[in-house]
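Notes follow the structure.
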Amino acid sequence: MVTPLSAAVAEKAAIDLIADVLHWLRAHGCDPDEALDRAQTRFEAQLEEAG
């Protein structure tokens with residue numbers, strides 16, 4: 001069962017993970033904004049395919 005508290009904890013963990021990946025990308029010479037844009041595009045395409 002998902003409670004509002006557990007959903008909030010999971011959301012915070014996901015945000016922390018995304019921030020860590022963005023730091024990693026930047027440290028390795030990648031553009032975090034471009035990566036976010038590409039990830040958003042892929043996410044939206046996957047939603048359309050599933051929907």
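Using a basic spin-label model with each label point 7 Å from the Cα along Cα→Cβ, how many nm lie between LEU47 and LEU22?
Those two pseudo-labels are separated by 1.8 nm.
With every protein chain kept in the model, how would you rank VAL21, VAL2 by accessible area, 1.4 Å probe, largest at the top?
VAL2, VAL21
Express the accessible area of the chain per residue in Å², computed with a 1.4 Å probe while the remaining protein chains stay in the model.
92 Å²
Could you tell me the extents of the chain's C-alpha atoms along the three principal axes, largest first, rounded to whole Å?
41, 28, 10
Under the Karplus relation 6.51 cos²θ - 1.76 cosθ + 1.60, θ = phi - 60°, what is the ordered set of whole-Hz ³J(HN,Hα) values for segment 2-7, x standing for Gly and Pro?
3J(HN,Hα) across segment 2-7, in whole Hz: 8, 9, x, 5, 5, 5.
Taking all protein chains in place and a 1.4 Å probe, what share, in percent, of the accessible surface of the chain do carbon and sulfur account for? All intermediate terms of the calculation are to be shown ahead of the outcome.
Values: 2870 of 4700 Å².
Percent of accessible area from carbon and sulfur atoms in the chain: 61.
What is the calculated FRET efficiency for ALA13 to GLU34, with r their C-beta to C-beta distance and R₀ = 30 Å, to the nearest 0.05?
0.75
The values are calculated or read from the model by the stated rules, or taken from the named source; none is laboratory data. Worth saying up front: this structure is predicted, and the values here are computed from it rather than measured. Quick reminder, even Gly has a Cβ in these numbers, built from the backbone with ideal geometry, and neighbours come from all protein chains shown. Accessible surface is based on the protein model in full, side chains and every heavy atom, while ligands, DNA and RNA are left aside. Shrake-Rupley method; radii C 1.70, N 1.55, O 1.52, S 1.80 Å.
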